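Peer 1: Would you mind keeping the following structure in view while I ask a few things?
The values are calculated or read from the model by the stated rules, or taken from the named source; none is laboratory data. Every value quoted in this text rests on a predicted model; they were computed, and no experiment measured them. So basically every Cβ, Gly included, is an ideal-geometry build from the backbone, and we count neighbours across all protein chains shown.
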């Protein structure tokens, strides 16, 4: 990555699609998604804004993929849940539609909005709009990126020689993976080795 | 156990500790400390002659100190690996073991701890759990009453390989007890010690009761419980069987055990919930089913591995439902009770699960990592422009990923860069940017969030790994906080550029939260340190400016601290609520020129000016919509 | 149970009281019931766990008439034992306050004030662990005079005020000065007679209580008082003056007093008395205060036997 | 021959303050002398014991006897006055309860003598001088009354009709008693006269402690700036008022000093000091034995504080001297 990054990556026309997820009643039970859609429609460069019952469901992903083609979208905003939840899902979806996955941005209007402000509907709605606008603002400046490939050392380490560690080591080793099993005590076995017969088989634990 | 020892692909390194973990998925470098055993593994044949010869006896941890071992020892006869060691802390160096070992010459007093480096593609962490020490619960008299024992002690006393060859006896008089009480939830489901359910103790006490009853049907066993939890396959049936065998179950948590000072018999005081009556029953022996607790060195391991801990100290999974085996660090996985108390079947299952997660990586030649790395604009770097390298980027980088030589512009070694953004924020020339988190992107986001009534808003900068997770947890736990919060996410607090904070206040933000991981949890080793230093500098600057205390706040919030995230935001809202609006307005206006002064170079950062132009358009679109309403 | 939104339910009222906020956390483990001694010693239907349940279920009437509401003396043994950290005594107190407001009265016999003797010094009001006595003013023969009055719903009957009242103006059936001194034994000069003043709560085990009665009366004479807060140094001195050779006061371990502070009060008083005996060059160990913890099963035997031994030995030495 | 009632005053082991109170009656003494004859008053007039001995039994109508019984002479005259008087009044704290001299009962005679004749800072005598009951001088044998092992109060040695407390009794009360006595209006025998039944707190107007008030440290009056409107106890200063009989007119309280207890136990109090320990001990706030000792150590001389005037009258005194349970031979503290 030695080439000079472009300061102005967006020479072409910007076409942003915005998807507001209901997440069943998780989001829609607190705020009307349609209001956010209406708001998003008024934002610059947004050519498509719509709500969807479950953006992460097949139907939701299909909608986004079809829209990318139909509306020639080159940026996507998904206002739904946490990036820790579904960022990989939507990145994969836009990638399937031929868009660089890094041109998709999520706004977290569930964990960090409707769930946290369930008793302040007006506040939650205003926040959902702002978070969506903020994602729209960000996608304007997103650039196409490629994942970085790194080589993999095909060797595992398992830390802890109790029953979980032994199980993991055996499974790895039986797949042919070199595995180092590290145990701080002089013997592996962990707590299990100290036990008398164990449930449910009532056999010796060792 | 034995299978593991026999499996040729498994290299068992017992008596070894993990010292350091560096690198990233597919490319970890792990430093191990192989502790000196004073016995050469390549020569020891496990004959045990050294143990026989050794004159020193010390308590054996493996037998819960109920039996001694020698200073030359293996913890148990089936130890894997069966290599003896000399416990140098207790060894009196009489060298009798050396004589006993004879021609094998396996004993080597010159051994020292050895540091070994290993290249590893993926790591499974299965460090297990420890046991709650019930002596802190004075009401049960453990460690004062000889006949009150723990479940682990019971395991050894009842074990044919144990110190009594499986004969259960009372410590006070070595008689076999006729009446026993088992007490569940000792130190668990107890907010004074550990609030969580310890998961396996119900089945565990039933198992022990059944075993004892099978050995001796005359023995009378009462299990005191609050709830019996038998959620897995076959568990409830086993519980039924225990009841049918005549094991007594008494619902009600004992509040007190007293002892007859002469007979050392014990009296368990409890309410029989079904009767609503207090009972005081006499027993020969009482077993306390103590809670599982995190390993004593779990905090240490957490910082070695750079992984976060849940409340209570267990390791924290990346997502409790969707990625229950993953750590937040790609390539590190968890299995077993280090994540929380777990029984054997679940631990085995998690071991397999972790192996499966890890083998995705280990079976690949290459692995993808996020491209959110730092990139230099060489024409802005002072090394190139002024021939004078300031070196701040080098100082900020926890990974040594910045190459700075002579008067050549700094260069980022992409393979080493983990993408914390510390160098980007530290660079005084704004010569470095971070892909996917450029100044322009962040500025555009901020301006959108502060488009309307900024003085009412609290702009919250959160790092991706901890505070953003904390905010998520606040939501999933439905800990409600002020809806005036407006969240911004960057990868690490190191990326939270002073310019962003000045800009937020220049735009008129009511409050700004600067939050990231606790120092020991930081995903980027020392990223948090870089961020924290900057934050405290900012705090001092704002104090000097006369900003109301609490409008700028620094908090370290882990992904497990949803309650803290909510509390901090609500406290910040209180600060704003307590400033009369006209005073707040006056303060914001008064400080704006101060902020602008400090932002004079900001518009020159590539992309920033464009972001300003664009966000003006966006802000107009937002405000006009609101006005239309 | 109608939990209509917005309406303050019984449970809500209780939860609003400090300490009551964790009410709903109670999972009915029964620790409080067996930690407390009231059920075993006084009232079989005493059950804090069930009272909490009644509150949760909105059973006002049942809660107001439950003995638990009235007998809890806020010793807080249960609080420190509760795995859910519910401040049970404060929940019960809240219920009691609501019950009093609704017109219910305490079934306990409260202390009463004799206004002919009361000088309005206010010591009773200060020492009471329950704030039951307070001072009020009324006109007597045209002059405004100050007296103490006792709120019978707050008084738990520990007798701390009875002992503290300098003028003997406070009394309750069973614990008046006259009733206590009337129990002093006729003392043969040559017998190692001792009096054991024992509070109602420090001996948890039935066998320890039974032990007290097992000694010959001319050796160990037991006087039951509700709480060692009732101990009056005057009585100890009067007993010794009457020929008793030793006085053993048996109370609860600090922090375990059934009436919050009676045992602390007793150790202050006995401490003072001990110092004064020393100043008079009188033997100090004739009066002994033992504070017995809930887990000290059998300790009372050691204490009594020990004192009897000492008394016998010193009598033999004198003879 | 006069038909006026006869009065007598006597001063035993005491400071003489009680006699001064009588003189403080001033012109009212003239009134008294008009209505009664003073037949014996060693402090003011030249009467001899022989004059009294010469009187018929019960010839004196009322004797005001102040002072404790400390030596043979005190006791002898106590018996004499009893014999010659219709009414014998224990006048003032010393004769009522033993008073300040009674505090000597904490010590044995030898250690008292050591203090007085050997170790007192103002004494410079290494000869070990001790008072002798009998000394031969050229003129003959001189006798001094022997000191008693303990200080007693009047009722310890003879039958007393009335008790008039105070150190000293206040003038107005003395006047009131004279009037009552001369008009034959004294209450039933054995009563405390010239005082009220209730305690000093009854007439004290200071603000009392709030419920739950606790003492964590005791202070002596000079160690603290005392608020004249607050109960002394709430300021950590020991006040004997709660167990002390009222009637003094509260001169100490008016002077912002706590009650020292000179009027003795109020009605209902068996033992003034023990009762004060019971009342004040209940105000201490601690459950920690070490802390308790620290607090108790801030009470300098508890026996002397709580029994300042009544030690000789206390149960402890009885235990020590009558029951023989005292260990007189033990070393002093």
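Peer 1: Looking at segment B:561-578, can you tell me whether even one residue there is farther than 24 Å from residue B:427 by Cα, in contact with a helix residue (DSSP H, G or I) (Cβ under 7 Å, 6 or more places away or on another chain), away from chain A (no Cβ under 13 Å) and modelled with pLDDT under 95?
Peer 2: Yes - at least one qualifying residue is present in segment B:561-578.
Peer 1: Please go through segment C:110-129 and pick out each residue that is assigned to a loop (DSSP other than H, G, I, E, B), facing chain D (nearest Cβ under 8 Å) and either out of contact with any strand residue (DSSP E or B) (no Cβ under 6 Å at 6 or more places or on another chain) or more than 18 Å from residue D:205 (Cα to Cα) (or both).
Peer 2: C:117, C:121, C:128
Residue by residue, here is whether (1) within 7 Å of another protein chain (Cβ to nearest Cβ); (2) out of contact with any helix residue (DSSP H, G or I) (no Cβ under 9 Å at 6 or more places or on another chain); (3) over 30 Å from residue A:116 (Cα atoms) holds:
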| residue | (1), (2), (3) |
| --- | --- |
| A:132 | no, no, no |
| A:145 | yes, no, yes |
| A:157 | yes, yes, yes |
| A:167 | yes, no, yes |
| A:178 | yes, no, yes |
| A:181 | yes, no, yes |
| A:196 | yes, no, yes |
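Peer 1: If you take just the helices (runs of 4 or more DSSP H) that sit entirely in segment D:45-120, which of them hold at least 3 residues that are more than 14 Å from chain C (Cβ to nearest Cβ)?
Peer 2: In segment D:45-120, D:49-53, D:72-84, D:93-97 are the helices (runs of 4 or more DSSP H) which contain 3 or more residues that are more than 14 Å from chain C (Cβ to nearest Cβ).
Peer 1: Just checking, how many residues over segment B:448-463 are more than 7 Å from every other protein chain (Cβ to nearest Cβ) and either surrounded by fewer than 23 Cβ atoms within 10 Å (Cβ to Cβ) or assigned to a helix (DSSP H, G or I) (or both)?
Peer 2: 5
Peer 1: What residue, among those in segment C:186-198 that are farther than 20 Å from residue D:274 by Cβ and touching a strand residue (DSSP E or B) at 6+ places or on another chain (Cβ under 7 Å), is nearest to the other protein chains (Cβ to nearest Cβ)?
Peer 2: C:193
Peer 1: Looking only at helices (runs of 4 or more DSSP H) that lie completely in segment A:6-90, which have at least 1 residues being crowded, with 18+ Cβ neighbours inside 10 Å and more than 20 Å from the chain's Cα centre (by Cα)?
Peer 2: Output list reads A:33-41, A:58-70.
Peer 1: Out of B:139, B:153, report the one residue that is more than 14 Å from chain A (Cβ to nearest Cβ), assigned to a helix (DSSP H, G or I) and touching a residue at least 12 places away in the same chain (Cβ under 8 Å).
Peer 2: After applying the criteria, what remains is B:139.
Peer 1: Does segment B:120-128 contain any residue that is closer than 30 Å to residue A:173 by Cβ, outside the structural domain of residue B:180 (by TED's automatic domain parsing), at pLDDT 95 or above and out of contact with any helix residue (DSSP H, G or I) (no Cβ under 7 Å at 6 or more places or on another chain)?
Peer 2: yes
Peer 1: Let me ask you something else. Only residues that are surrounded by fewer than 21 Cβ atoms within 10 Å (Cβ to Cβ), within 10 Å of chain A (Cβ to nearest Cβ) and part of a strand (DSSP E or B): list them for segment B:315-340, please.
Peer 2: B:319, B:323
Peer 1: Also, quick follow-up: All but one of (1) under 30 Å from residue B:262 (Cα atoms); (2) outside the structural domain of residue C:235 (by TED's automatic domain parsing) hold for residue C:162; state the number of the condition that does not hold.
Peer 2: Here residue C:162 meets the rest and fails (1).
Peer 1: So, one more: Under the condition of being over 9 Å from residue A:193 (Cβ atoms) and either out of contact with any helix residue (DSSP H, G or I) (no Cβ under 6 Å at 6 or more places or on another chain) or within 11 Å of chain A (Cβ to nearest Cβ) (or both), which residue from segment B:67-79 is modelled with the lowest pLDDT?
Peer 2: B:77
Peer 1: Also: Determine which member of the set C:175, C:220 is in contact with a helix residue (DSSP H, G or I) (Cβ under 8 Å, 6 or more places away or on another chain) and under 25 Å from residue C:283 (Cα atoms).
Peer 2: None of the others qualify; the one that does is C:220.
Peer 1: Might you let me know whether segment B:392-402 holds any residue that is closer than 23 Å to residue B:604 by Cα, within 12 Å of another protein chain (Cβ to nearest Cβ) and in a loop (DSSP other than H, G, I, E, B)?
Peer 2: Within segment B:392-402 (the criterion being closer than 23 Å to residue B:604 by Cα, within 12 Å of another protein chain (Cβ to nearest Cβ) and in a loop (DSSP other than H, G, I, E, B)), the answer is no, since none of the residues qualifies.
Peer 1: Condition (residue is under 19 Å from residue B:599 (Cβ atoms) and either touching a strand residue (DSSP E or B) at 6+ places or on another chain (Cβ under 6 Å) or in contact (Cβ under 8 Å) with a residue 40 or more places away in the chain (or both)) applied to segment B:379-388: is it met by at least one residue?
Peer 2: Yes - at least one qualifying residue is present in segment B:379-388.
Peer 1: Restricting the search to segment C:199-223, which residues are crowded, with 16+ Cβ neighbours inside 10 Å and without any contact (Cβ under 8 Å) to a residue 60 or more places away in the chain?
Peer 2: Across segment C:199-223, the qualifying residues are C:209, C:221, C:222, C:223.
Peer 1: Kindly indicate the residue of segment C:249-278 that is facing another protein chain (nearest Cβ under 8 Å) and free of Cβ contacts under 8 Å to residues at least 24 places away in the same chain and also nearest to residue D:273 (Cα to Cα) among those meeting that condition.
Peer 2: Of everything passing the filter in segment C:249-278, C:276 is nearest to residue D:273 (Cα to Cα).
Peer 1: Does segment B:187-204 hold any residues that are facing another protein chain (nearest Cβ under 10 Å), closer than 19 Å to residue A:196 by Cβ and either assigned to a helix (DSSP H, G or I) or in contact with a strand residue (DSSP E or B) (Cβ under 7 Å, 6 or more places away or on another chain) (or both), and which are they?
Peer 2: Answer for segment B:187-204, where residues must be facing another protein chain (nearest Cβ under 10 Å), closer than 19 Å to residue A:196 by Cβ and either assigned to a helix (DSSP H, G or I) or in contact with a strand residue (DSSP E or B) (Cβ under 7 Å, 6 or more places away or on another chain) (or both): B:203, B:204.
Peer 1: Something else now. Are any residues in segment B:467-490 crowded, with 24+ Cβ neighbours inside 10 Å and closer than 19 Å to residue B:424 by Cβ, and if so, which ones?
Peer 2: B:467, B:468, B:490
Peer 1: Related question: Would you confirm whether any residue within segment B:243-251 is assigned to a helix (DSSP H, G or I) and over 30 Å from residue B:329 (Cα atoms)?
Peer 2: yes
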